[in-house]
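See below for the structure under consideration.
None of the figures in this text is laboratory data; all of them are computed from the coordinates on show. Computed from a prediction, not measured in an experiment: that's the story for all the values here. Neighbour counts are summed over all protein chains in view; Cβ atoms, including those assigned to glycine, are modelled from backbone coordinates with ideal geometry.
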Amino acid sequence: MQAIIMAGGRGTRLMPLTKDMPKPMVPIIDKPILYYTINKLKEAGITDIILTLCYLGKKIEDTFGEGKDLGVRLRYVYEDNPLGTAGSIKNASDLIRDDFMVLSGDAYTDMNFEALIDFHKKHRGIATIASVRVSTPELFGNIFKNEKGLITYFEEKPEKPKTNLVNAGIYVFDKRILRKIPKGFCDFSRNVFPKLIGKLYTFESDCFWSDVGNLESYYMTNYRVAQEYNKKG
């Protein structure tokens, strides 16, 4: 199992923190958000990791290098212009050899990745979308599922949500998904997933998850992680 971390976003809603820093490098306590994601993948046994970069991407590569200090192998794929969530994966397809995870480099979670992968292998769908329940579902892709976890409907950022179960931006894909993604700009939620209803499953998690989308959620995430540090200390 490989992993691709999408780390090319500008993070405009986190200004001024992201004025001279890519969003995945914004610190949670004393380490970049991206550090926690890489370390969590390693704990799950995934050490072959590809990062897709755009905005100030060289700062990420200069910080993490080949990943030796973290005990992983890191490789980088640059985009001259943003290609969207699916487009960035297609752009890195030459490095993908097997089933793979995709994650956002600017989100923080304590999700059980091993359980997510086991769920995907059990159901054998073309994709498994990790989902969580939130208080602001209008800000995310809404997921409707049956009792087996098969996704029956997918609605991106509806004005009047009918569910609080949302797409966490963490996926496990069968390599076949690459055939469903055209070259150029392409978004999973708007261009790919709606065409695959009936072949997609969702793994619902009760984990802590934050997209760190604005300053309020950024400081909330720092507070939450600080609480965990205090418990361990």
Two-site label geometry, ASP187 and LYS42: point separation in nm, points 7 Å out along Cα→Cβ: 3.4
Given H placed on each backbone N at 1.01 Å, which residues far from ILE28 in sequence or on other chains put an amide H within less than 5 Å of it? ILE33
For a quick check of your reading of the filter: which chymotrypsin sites (Phe, Trp or Tyr not before Pro) in segment 118-189 sit in a DSSP loop and have no more than 16 other Cβ atoms within 10 Å? PHE185
Amide N of segment 198-231 lying under 19 Å from the label point, which is placed 7 angstrom from the Cα of LYS157 along Cα→Cβ: 210-218
So, relative contact order of segment 2-232 in percent, Cα under 8 Å, 6 or more apart, is 24
Overall Cα dimensions of the chain, principal axis frame, Å, largest first: 42, 38, 31
Subtracting the Cα-Cα distance from 0.36 nm times the residue separation, let me have the gained length for GLU147 to TYR229 in nm, one decimal. 25.9 nm
Roughly what % of DSSP beta bridges within the chain run antiparallel, to the nearest 5? 50
Those trypsin sites (Lys or Arg not before Pro) from segment 1-103 that are DSSP loop and have at most 13 other Cβ neighbours within 10 Å turn out to be LYS19, ARG97
Phi-based couplings in Hz for segment 169-185 (Karplus 6.51, -1.76, 1.60; Gly and Pro marked x): x, 10, 10, 10, 10, 6, 4, 4, 4, 4, 6, 8, 10, x, 6, x, 5
Multiply the residue separation of ARG176 and ASP20 by 0.36 nm, subtract the distance between their alpha-carbon atoms, and state the gained length in nm to one decimal. 52.4 nm
Normalising by the residue count of segment 43-95, find the relative contact order in percent from Cα pairs under 8 Å and 6+ residues apart. 42
Exposed-loop cut sites defined as GluC sites (Glu not before Pro) in DSSP loop states with at most 14 other Cβ within 10 angstrom; longest site-free run of the chain spans 67-146
To the nearest 20 debye, what charge dipole does the chain have about its Cα centre, counting +1 at the Cβ of each Lys and Arg and -1 at the Cβ of each Asp and Glu? 540
Those trypsin sites (Lys or Arg not before Pro) from segment 121-220 that are DSSP loop and have at most 11 other Cβ neighbours within 10 Å turn out to be ARG124, LYS148, LYS162, LYS183
Going down the list LYS59/LYS90; LYS90/LYS199; LYS58/LYS157; LYS145/LYS180; LYS23/LYS121, which pairs span over 25 Å between their C-alpha atoms? LYS58/LYS157; LYS23/LYS121
Per the charge dipole of the chain (beta-carbon charges, Lys/Arg positive, Asp/Glu negative, Cα centre), the residue among MET6, GLY125, GLY105 reaching farthest to the positive end is GLY125
